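Engineer: Attaching a single structure in structure tokens format; questions to follow.
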Amino acid sequence: ADIPERMIREHALQGGDFLISRTGFTSGRAAVFREPGDGRTYVPAAFLVRLRMDPSVLLPEYFLEFLQTQSGRRTIQSLQRGTQQLNISASALVRQMVPVPSLGSQSASIEALQSTRSRVRLVAERHEAVGRALRDVSRPGLAHELDRRVERDQPVPVEVARRPRACL
């Protein structure tokens, strides 16, 4: 599409821009734009509302986290209008009052949430690895292979095979 350069500059996304879907099934879903570092210019689609917040008052990442709380979800639901297709008015969104703690508290909250999410991802990855290992152990033929190996090996009493206790 041929868009005048002036409009592109005016609407181009900048790192830290807060984006929220204003229409349809995804109404209320939000993200913070991160510069991809590829030198390209990005312009939000018409179904997105872009908010450029004053980072000396409200961090966009904190606002994003707030919207994922019960209170934040209620705020978004109160803004949604329509029956067939939900819609959020940009002007109604910017008039909303939200709790804004100090910047230090906002940063600490974001850091704590990101740390917790990293730990949850790590646990999920480990859980998945354990699941794969259990599936491998219960694989048909594995027990038969183990039986064949046991038959070839020299048997020893369990007492000989166990580790000696460390002396204090």
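The values are calculated or read from the model by the stated rules, or taken from the named source; none is laboratory data. Computed from a predicted model, the values in this text were never measured in an experiment. Virtual Cβ from ideal backbone geometry, glycine too; neighbours counted across all protein chains shown. The accessibility values were calculated without ligands, DNA or RNA, using every heavy atom of the protein model including side chains. Shrake-Rupley method; radii C 1.70, N 1.55, O 1.52, S 1.80 Å.
Engineer: Any idea which of (1) in a loop (DSSP other than H, G, I, E, B); (2) modelled with pLDDT of 85 or more is the one GLY28 doesn't satisfy?
Structural biologist: Only one criterion in (1) in a loop (DSSP other than H, G, I, E, B); (2) modelled with pLDDT of 85 or more is unmet by GLY28, namely (2).
Engineer: Run VAL100 past the list (1) outside any helix (DSSP H, G or I); (2) touching a Gly at 6+ places or on another chain (Cβ under 8 Å); (3) modelled with pLDDT of 80 or more and report the number of the one that doesn't hold.
Structural biologist: (2)
Engineer: In addition: Can GLU5 be described as over 23 Å from SER107 (Cα atoms), surrounded by fewer than 17 Cβ atoms within 10 Å (Cβ to Cβ) and among the acidic types (Asp, Glu)?
Structural biologist: Details: over 23 Å from SER107 (Cα atoms): yes; surrounded by fewer than 17 Cβ atoms within 10 Å (Cβ to Cβ): yes; among the acidic types (Asp, Glu): yes.
Against the criterion (over 23 Å from SER107 (Cα atoms), surrounded by fewer than 17 Cβ atoms within 10 Å (Cβ to Cβ) and among the acidic types (Asp, Glu)), GLU5 qualifies.
Engineer: Failed condition for PHE63, given (1) more than 23 Å from GLN14 (Cβ to Cβ); (2) surrounded by 17 or more Cβ atoms within 10 Å (Cβ to Cβ), with all others met?
Structural biologist: Of (1) more than 23 Å from GLN14 (Cβ to Cβ); (2) surrounded by 17 or more Cβ atoms within 10 Å (Cβ to Cβ), only one is false for PHE63: (1).
Engineer: Now a separate question. Restricting to region 73-95, name every residue that is at pLDDT 80 or above, farther than 18 Å from ALA31 by Cα and surrounded by 10 or more Cβ atoms within 10 Å (Cβ to Cβ).
Structural biologist: Scanning region 73-95 gives SER78, ARG81, ALA92.
Engineer: For residues in region 45-60 being touching a strand residue (DSSP E or B) at 6+ places or on another chain (Cβ under 7 Å) and open to solvent by 30 Å² or more (accessible area, probe 1.4 Å), which is nearest to ALA108 (Cα to Cα)? Quick ask: steps written out before the conclusion?
Structural biologist: Kept after step one, since they are touching a strand residue (DSSP E or B) at 6+ places or on another chain (Cβ under 7 Å), are these residues of region 45-60: 47-51, 53, 60.
Those still in the list that are open to solvent by 30 Å² or more (accessible area, probe 1.4 Å) too: 47-48, 50, 53.
Details: PHE47: 32, LEU48: 28, ARG50: 25, MET53: 19 Å.
This residue is MET53.
Engineer: Between LEU64, LEU19, LEU58, which is assigned to a helix (DSSP H, G or I) and not β-branched (Val, Ile, Thr)?
Structural biologist: Exactly one residue qualifies, and that residue is LEU64.
Engineer: Looking only at region 97-134, count every residue that is under 21 Å from ASP54 (Cβ atoms) and loosely packed, with under 11 Cβ neighbours inside 10 Å and tell me the total.
Structural biologist: Residues that pass the stated criteria total 4.
Engineer: I'd like the full set of residues that are more than 19 Å from ARG95 (Cα to Cα) and in contact with a helix residue (DSSP H, G or I) (Cβ under 9 Å, 6 or more places away or on another chain), limited to region 32-54.
Structural biologist: VAL32, PHE33, THR41, VAL43, PRO44
Engineer: Oh, and also: Determine which single condition THR41 fails, assuming it passes every other condition in (1) touching a Ser or Thr at 6+ places or on another chain (Cβ under 6 Å); (2) exposed (fewer than 13 other Cβ atoms within 10 Å of the Cβ); (3) polar (S, T, N, Q).
Structural biologist: Tallying (1) touching a Ser or Thr at 6+ places or on another chain (Cβ under 6 Å); (2) exposed (fewer than 13 other Cβ atoms within 10 Å of the Cβ); (3) polar (S, T, N, Q), THR41 fails exactly one: (1).
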